[in-house]
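The values are calculated or read from the model by the stated rules, or taken from the named source; none is laboratory data. This is a predicted model, so every value here is computed, not measured. All Cβ positions, glycine included, derive from the backbone under ideal geometry; neighbour counts span all protein chains shown. When the accessible area is computed, the model is the full protein with side chains, heavy atoms only, and any ligands, DNA or RNA have been set aside. Shrake-Rupley method; radii C 1.70, N 1.55, O 1.52, S 1.80 Å.
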2 protein chains.
Amino acid sequence: MPQIQFWFEYASTYSYLSAMRIEDAASAHGIDVVWQPFLLGPIFAAQGWDNSPFNLYPAKGRYMWRDMERLCAERSLPFAKPENFPQNGILASRVTLAIADQTKVGAFVRAVYSAQFAKAEDISDASVISDCLQEADLPTTLISDAKRPDIKQALFAQVEKAQKLDIFGAPSFIANGDLFWGDDRLDQALRACQ
Amino acid sequence: MPQIQFWFEYASTYSYLSAMRIEDAASAHGIDVVWQPFLLGPIFAAQGWDNSPFNLYPAKGRYMWRDMERLCAERSLPFAKPENFPQNGILASRVTLAIADQTKVGAFVRAVYSAQFAKAEDISDASVISDCLQEADLPTTLISDAKRPDIKQALFAQVEKAQKLDIFGAPSFIANGDLFWGDDRLDQALRACQ
């Protein structure tokens, strides 16, 4: 089965758009999703940014929120701007990497994005992540698993791998060895897999 | 007739994609194109950038050239990476503003983008712009008209207007009072006009 790598950062608004549709869209084309959580913080820091570009460049930020609102409305996707942006997605990312059953990752990823961008909840809060695990029919003990050194190391390794793949933003897709950036390129990336 | 404002910077690669299709796409929906050349340099400078973000952030730049290559191939649009990037589009912008007959602007705009991104020519060269004027069936005397103080002033005014519209990149569209950014949003902007 062909595969698409989905590189997502939990704090990323545009990753929400892709996270909510990638599993269905890929499966319609007989493509498997490889879930690749990572952190943009270290990648932005290497570019000299200490914050999201949407905060550093206010006009770009104002536009992004308006754009998200319009895109979500077109897709009938609920959207609520969270109070804090960008949120800290380290716990959610580690929990994602601690899930052994790959068939359940999608449901958890969607629950986390929905908590943040549909319900405006704070995903750095362990009780929010606990609810997301329950929604995805996963054990809440994964929250303590996420503190294991091998899981922390796995997240570091994801960031290094993203940098080696020349990833500079999220969402990103690797399809047939090629990099695609942004929810606007998801359909093109799926075509490239075939 | 509803109108779409097309804000373009000649040096912008993604503006090439929109420039080549906007007049046909708008006309198919009974929408008029209002051609709005401007310069990104002063807008980038206000953000602390002294160069194109595609040069300042190398991973983003490598990706953009690959993305352009793929998008142009999909659209059967010729594409050649020019030697210098970003090019100086001041002369081309001033000439655009000097054209009195608005029905001829589109042909000139497409000729300039094709010179730069299909033939890899240097659009700061007056002889290249002269060829573009001839292709668009316009008098080459527009090159000297472009040196008039009122035309220089008109280009300054365009940049100020873009800043007031909160424009931070190109291509940008104003449709029904709303800002849309990027060739990926052209179809959505056209729908918003109706």
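The sole residue among A:58, A:2, A:42 that is open to solvent by 40 Å² or more (accessible area, probe 1.4 Å) and within 16 Å of the chain's Cα centre (by Cα) is A:42.
Would you confirm, using the coordinates I've provided, whether residue A:50 is in a loop (DSSP other than H, G, I, E, B), free of Cβ contacts under 8 Å to residues at least 24 places away in the same chain and within 14 Å of another protein chain (Cβ to nearest Cβ)? Working first, answer last.
Values: in a loop (DSSP other than H, G, I, E, B): yes; free of Cβ contacts under 8 Å to residues at least 24 places away in the same chain: yes; within 14 Å of another protein chain (Cβ to nearest Cβ): yes.
Spelling it out, residue A:50 is indeed in a loop (DSSP other than H, G, I, E, B), free of Cβ contacts under 8 Å to residues at least 24 places away in the same chain and within 14 Å of another protein chain (Cβ to nearest Cβ).
Inspect segment A:82-95 for any residue being away from chain B (no Cβ under 13 Å), open to solvent by less than 20 Å² (accessible area, probe 1.4 Å), within 29 Å of residue A:46 (Cα to Cα) and among the hydrophobic types (A, V, I, L, M, F, W, C) and give the result as yes or no.
yes
Under the condition of being touching a Leu at 6+ places or on another chain (Cβ under 9 Å), within 14 Å of another protein chain (Cβ to nearest Cβ) and either among the small types (Gly, Ala, Ser) or open to solvent by less than 60 Å² (accessible area, probe 1.4 Å) (or both), the residues counted in segment A:71-81 number 2. What do you reckon, is residue A:5 among the polar types (S, T, N, Q) and assigned to a strand (DSSP E or B)? It is true that residue A:5 is among the polar types (S, T, N, Q) and assigned to a strand (DSSP E or B).
Checking each residue in segment A:56-79 for being in contact with a Phe, Trp or Tyr (Cβ under 7 Å, 6 or more places away or on another chain) and of a type outside the set (Asp, Glu) picks out A:56, A:57, A:59, A:60, A:61, A:63, A:64, A:68, A:72, A:79.
A quick yes/no check of all residues on (1) more than 15 Å from residue A:9 (Cβ to Cβ); (2) among the acidic types (Asp, Glu); (3) in a loop (DSSP other than H, G, I, E, B):
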| site | (1), (2), (3) |
| --- | --- |
| A:107 | yes, no, no |
| A:139 | yes, no, yes |
| A:155 | no, no, no |
| A:163 | no, no, no |
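Hey, could you check segment B:61-70 for residues that are more than 8 Å from chain A (Cβ to nearest Cβ) and open to solvent by less than 60 Å² (accessible area, probe 1.4 Å) and say which is farthest from residue B:21 (Cα to Cα)? So the residue we want is B:61. Restricting to segment B:144-184, give me the number of residues that are within 14 Å of another protein chain (Cβ to nearest Cβ), over 17 Å from the mean Cα position of the chain (by Cα) and open to solvent by 60 Å² or more (accessible area, probe 1.4 Å). Final tally of qualifying residues: 3.
So, in segment A:155-175, how many residues would count as being without any contact (Cβ under 8 Å) to a residue 60 or more places away in the chain and either in contact with an Asp or Glu (Cβ under 8 Å, 6 or more places away or on another chain) or not basic (Lys, Arg) (or both)? Count: 4. For residue A:34, the conditions (1) open to solvent by less than 30 Å² (accessible area, probe 1.4 Å); (2) assigned to a strand (DSSP E or B) all hold with the exception of (1). Only a single item in (1) in a loop (DSSP other than H, G, I, E, B); (2) surrounded by fewer than 20 Cβ atoms within 10 Å (Cβ to Cβ) is not met by residue B:130, and it is number (1). Of the residues making up segment B:177-194, those that are touching a residue at least 24 places away in the same chain (Cβ under 8 Å) and assigned to a loop (DSSP other than H, G, I, E, B) are B:182, B:194.
Among the candidates B:99, B:31, single out the residue that is modelled with pLDDT of 95 or more and in contact with a Phe, Trp or Tyr (Cβ under 9 Å, 6 or more places away or on another chain). The unique qualifying residue is B:99. Inside segment B:56-103, can you point out the residues that are of a type in the set (D, E, K, R), assigned to a helix (DSSP H, G or I) and farther than 19 Å from residue B:7 by Cβ? Matches in segment B:56-103: B:60, B:62, B:66, B:67, B:69, B:70, B:74.
If you go through segment A:108-124 and keep only what is under 14 Å from the mean Cα position of the chain (by Cα) and open to solvent by less than 40 Å² (accessible area, probe 1.4 Å), you end up with A:108, A:109, A:111, A:112, A:113, A:114, A:115, A:116, A:117, A:123.
Among the residues of segment B:110-120, is any assigned to a loop (DSSP other than H, G, I, E, B) and within 14 Å of chain A (Cβ to nearest Cβ)?
No - not one qualifying residue is present in segment B:110-120.
Looking at segment A:45-55, which of the residues that are small (Gly, Ala, Ser) and surrounded by fewer than 14 Cβ atoms within 10 Å (Cβ to Cβ) is modelled with the highest pLDDT? Per the criteria, the residue is A:45.
When the residues of segment A:12-47 are filtered to those that are under 24 Å from residue A:78 (Cα atoms) and free of Cβ contacts under 8 Å to residues at least 12 places away in the same chain, the one that is farthest from the other protein chains (Cβ to nearest Cβ) is A:27.
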